[in-house]
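Notes to accompany the following structure.
The numbers here are math on the coordinates, done by the rules we state, and not lab data. Here the structure is a predicted model, which means the values were calculated and not measured. Reconstructed Cβ throughout: ideal geometry from the backbone, glycine too, with neighbour counts over all protein chains shown.
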């Protein structure tokens with residue numbers, strides 16, 4: 001009997017009763033957050049799960065399926081890893097303030113903080129700087145805590161006050177403080193100098209011969225920076241180096257960094273926000289580079305959504321955030337694992 005075939009006793013009355021308080025908290029947080037967005041004049045949207053491309057990030061993996069058309073022909077589709085592509089098409093269409101509680105999917109992810117299917121709260125503001133959505137994020141997290149009545153978030157021996165003034169920390173400052181690395185000295189002409197970062201980080205992390213600049217960056221971030229973030233209060237980690245810009249634009253005041261931030265509580269990443277890139281040629285270049293690396297590492301690549309590339313060039317200046325809603329509910333409800341705050345855990349789970 002496979003794991004999928006094996007009965008999943010999460011639905012037994014006694015097991016469900018243990019989880020019920022966390023699920024009630026989830027409902028309360030959902031109502032509070034939805035009401036806040038509506039008060040701010042946002043439109044709630046629903047975008048499609050099946051996409052031509054699930055997203056073009058090197059290390060994100062998506063389930064896939066095949067559609068059969070009426071004429072018998074077939075088309076490959078993916079379960080999205082984020083609603084971002086569809087949301088930005090709506091910005092190009094003229095929407096200015098939108099949010100979605102989106103079901104998203106990721107292969108190769110499972111743990112206390114990861115599920116293969118989860119809810120991402122994503123929102124966008126057109127014609128506003130990314131400081132605005134940074135403020136939104138802090139307020140949304142506080143609304144969640146207020147809805148459950150929890151005073152402090154706690155996870156794995158760490159705690160954070162969601163109502164306190166957050167710590168503002170640039171990525172470069174964090175690398176200097178926690179790892180003793182001058183990170184921006186390894187960013188040259190918009191690219192990461194792999195040799196320079198490898199030399200600077202050799203005493204902090206194990207470096208493999210085929211590690212790229214981004215691999216080394218991620219190792220230092222995970223092992224030496226993230227564990228110290230969001231302790232006592234929330235941390236807003238901002239100004240990511242441009243090799244880690246993803247879909248964010250470069251910062252006009254310093255082209256070595258991008259308008260990208262993440263918010264942490266108790267060492268847990270809760271949200272990832274961008275001042276959105278609106279240069280379609282640059283977006284295509286980044287996607288192709290990411291898919292080339294995916295092909296090298298994993299032997300696969302996802303198609304580029306040409307509609308999305310065109311929408312990037314047509315959309316207004318905008319900023320947006322993706323927030324892991326299940327993680328937020330977990331912290332706001334006092335749960336120990338993410339599967340305690342979802343109504344139906346993944347098939348085969350016990």
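Provide the gained length on full extension for the span residue 210 to residue 12, in nm with one decimal, where the gain is 0.36 nm per separating residue minus the Cα-Cα distance.
Length gained, residue 210 through residue 12: 66.5 nm.
Using alpha-carbon positions, what is the distance between the centroids of region 210-250 and region 127-170, in Å?
18
Given axes a ≥ b ≥ c from the Cα gyration tensor, I'd like to know whether region 164-292 is rounded (a/c under 1.5), prolate (a/b larger than b/c) or oblate.
Oblate, since a/c reaches 1.5 and b/c is not below a/b.
Please give the length that would be gained between residue 108 and residue 289 if that part of the chain were fully extended, namely 0.36 nm times their separation in residues minus their C-alpha to C-alpha distance (nm, one decimal).
Working it through step by step, the gained length comes to 63.0 nm.
What ranking, highest mean first, results for peptides 262-275, 164-177 when packing means the other Cβ atoms within 10 Å averaged over each residue?
In decreasing order of mean packing, 262-275, 164-177 become 262-275, 164-177.
Cut-off is 10 Å between beta-carbons; in what order do 64, 206 appear when sorted fewest neighbours first?
Taking fewest neighbouring Cβ atoms as first place, the list is 206, 64.
Obtain the nm distance between the two label points defined at residue 39 and residue 96 by a simple spin-label model: each point lies 7 Å from its Cα along the Cα-to-C-beta direction.
So the label points at residue 39 and residue 96 sit 2.1 nm apart.
Using per-residue counts of other Cβ atoms within 10 Å, averaged over each peptide, order 215-222, 281-288 from highest down.
Packing proxy ranking, top to bottom: 215-222, 281-288.
Pop a pseudo-label 7 angstrom from the Cα along the beta-carbon direction at both residue 156 and residue 337 and give the gap in nm to one decimal.
Placing both labels 7 Å beyond Cα along the Cβ direction yields 1.5 nm.
For q = 0.06, 0.12, 0.14 Å⁻¹, what log10 I(q)/I(0) does the chain give under the Debye formula with an equal point scatterer on each alpha carbon and no solvent?
Evaluating at q = 0.06, 0.12, 0.14 Å⁻¹ gives log10 I(q)/I(0) of -0.22, -0.94, -1.30.
Among DSSP beta bridges whose residues both lie in region 9-341, state the antiparallel percentage, nearest 5.
Counting only bridges with both partners in region 9-341, antiparallel ones make up about 85 percent.
How long is the gain from residue 304 to residue 46 if the chain were fully straight, where each residue apart is worth 0.36 nm and the alpha carbon distance is subtracted?
Here the answer is 90.7 nm.
With each pseudo-label sitting 7 Å past Cα toward Cβ, what's the residue 185-residue 127 distance in nm, one decimal?
4.5
Sort 111-123, 42-54 by the packing proxy (mean of other Cβ within 10 Å over each peptide's residues), most packed first.
111-123, 42-54
Divide the volume of the convex hull of the Cα atoms of region 134-193 by its number of residues and quote the answer in cubic angstrom per residue.
Dividing the Cα hull volume of region 134-193 by its residues yields 128 Å³.
Can you quote the Å³ per residue value for the convex hull of the Cα atoms in region 179-223, rounded to an integer?
65
Calculate, for residue 177 and residue 68, the FRET efficiency according to 1/(1 + (r/R0)^6) with r their C-beta to C-beta distance and R0 56 Å; round to the nearest 0.05.
Details: r = 55 Å, r/R0 = 0.98.
The value I calculate is 0.55.
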